[in-house]
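Heads up: the structure comes next, in structure tokens.
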Amino acid sequence: METLNSPSWDAIVIGGGAAGLSAALLLGRARRRTLVVDAGLPRNRFAAHMHGVLGNEGTPPLDLVQRGRAEAAAYGVAFRAGAVSAVREDGDALTVVLEDGAEERTRALVVASGISDELAAVPGLAERWGTSVLHCPYCHGWEVRDRRLAVLASSPASLHQAKMVRQWSDDVVLFSAGLGALDPEDERLLRARGVEIVASPAIEVVGEGTAVAAIRTADGAEIPVDAVFTGGRPVPHDGFLDELRLARAELPSGLGSFLQADATGRTSHPRIWAAGNVVNPMATVPMAIGAGATAGAAVNGTLVEEDFRLAGEAALSPAAR
């Protein structure tokens, strides 16, 4: 039941990538007044094509975004370009503060603002990110199959990454300096599967344009490779929630601190959900789409219950008699 003090929006979605648009589409179809605030910097913007996305195999990521925006807009979802600086409690609502100073009130919030990948400070690495320097073998492994593939270790998760990459090629070299001294059993198993191990630290990725030709190491060697897999440090775009002090969880393998959310995406705040890479840095595009849809449906279900509760309370008030 709307009053003069009702928020302008039933739901605001922060982030217009796969997770955010999926949530917005569900909310629009549920006839919810929905606003998407989008900074326009999706994580996968560096890649030319998406892979492993059913029905969209090989589609450019920005094409999916454009189609998703049009689909959501057809159900009344509004869009606003910009970044969010803060989210504040506002009675039975939330106020979302944009970086330009504008404020929007909402009954519920879906955080789908994604992450940034902070790469190791190795010259030539960041310049080739998304082309010949890759992170996800499910997303890019087929395209570089049977080639000489490097895994540049950056965290404890890199050991698993090296084992994964071996599935796409039998010519894999692990630059292990980022892992420190390898456990002897891990080293034995890697070598048993034919993985070459280079202990000297990588100091440069060498190649022409976006192509990789070799990795130069601190001992002066230049190891020929055709593509590089590595993991950046995932940095979630969730600083605008800091003053709400939401519960967080430390992810395994040194991936860092992320918002804690249940199976529906609900955080420790009863009006805030989170979906996509902002809570799961390992989520691929289809996983993010599913998480967004789940969060959108959960938001609507919660608002449905609230609508009935508010209507019941209004019916019992003296003014309604």
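The values are calculated or read from the model by the stated rules, or taken from the named source; none is laboratory data. If you're wondering where the values come from, they're calculated on a predicted model, not measured in any experiment. Positions of Cβ are generated from backbone atoms using ideal geometry, with glycine treated the same way; all protein chains shown enter the neighbour counts. For the accessible areas, the whole protein counts, side chains as well, though only heavy atoms, and no ligand, DNA or RNA atoms are used. Shrake-Rupley method; radii C 1.70, N 1.55, O 1.52, S 1.80 Å.
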Open item on the list: For M287, what accessible surface area do you get with a 1.4 Å probe? Give it in Å², rounded to 10.
Closed with: 110 Å²
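For the stretch 132-182, what is the accessible area per residue in Å², given a 1.4 Å probe and the full set of protein chains?
Working: 2210 Å² over 51 residues.
Here the residues of the stretch 132-182 average 43 Å² of exposed surface.
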Open item on the list: Given a 1.4 angstrom probe, what's the average accessible area per residue across the stretch 227-321, in square angstrom?
Closed with: 48 Å²
TODO: Could you work out how far helix 285-316 tilts from the main Cα principal axis of the chain, as a 0 to 90 degree angle to the nearest 10?
DONE: 20 degrees
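Peptides 118-124, 51-57, 262-268, 105-111: what's the order by average Cβ count within 10 Å, highest mean first?
Values: 118-124: 15.3, 51-57: 13.4, 262-268: 17.0, 105-111: 25.6.
Highest mean packing first, the order is 105-111, 262-268, 118-124, 51-57.
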Task: Relative packing of peptides 69-82, 137-150 - highest average C-beta neighbours within 10 Å first - done: 137-150, 69-82
Open item on the list: So if I take the centroid of the Cα atoms in the stretch 33-104 and the same for the stretch 155-211, what is the distance between those two points in Å?
Closed with: 36 Å
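Given a 1.4 angstrom probe, what's the average accessible area per residue across the stretch 18-127, in square angstrom? Present the calculation step by step, with values, prior to reporting the outcome.
Values: 5230 Å² over 110 residues.
Ligands and nucleic acids excluded, the figure is 48 Å² per residue.
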Open item on the list: Quick one: 3J(HN,Hα) in Hz for the stretch 62-73, Karplus 6.51/-1.76/1.60 with θ = phi - 60°, rounded, Gly and Pro as x.
Closed with: 6, 5, 4, 4, 4, 5, x, 4, 5, 5, 5, 4
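Given the DSSP H assignment, sum -39500 (n - 2.57) over each helix run of at least 4 residues in the chain and divide by its residue total; what's the result at 222 nm in deg cm²/dmol, nearest 500?
-8000 deg cm²/dmol
How long is the gain from D307 to A249 if the chain were fully straight, where each residue apart is worth 0.36 nm and the alpha carbon distance is subtracted?
Values: separation 58, 0.36 × 58 = 20.88 nm, distance 3.19 nm.
That pair, D307 and A249, stretches by 17.7 nm at full extension.
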Open item on the list: Helix 18-29 against the longest principal axis of the chain: what's the angle in degrees, Cα atoms only, rounded to the nearest 10?
Closed with: 20 degrees
Task: Label-to-label distance, nm, for residues given as A263 and S8 (7 Å Cα→Cβ offset) - done: 3.7 nm
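At a 1.4 Å probe, what is the % contribution of carbon and sulfur to the accessible area of the stretch 120-230? Kindly include the intermediate steps, with their values, before the conclusion.
On the way: 2840 of 5310 Å².
In the stretch 120-230, the share of accessible area belonging to carbon and sulfur is 53 percent.
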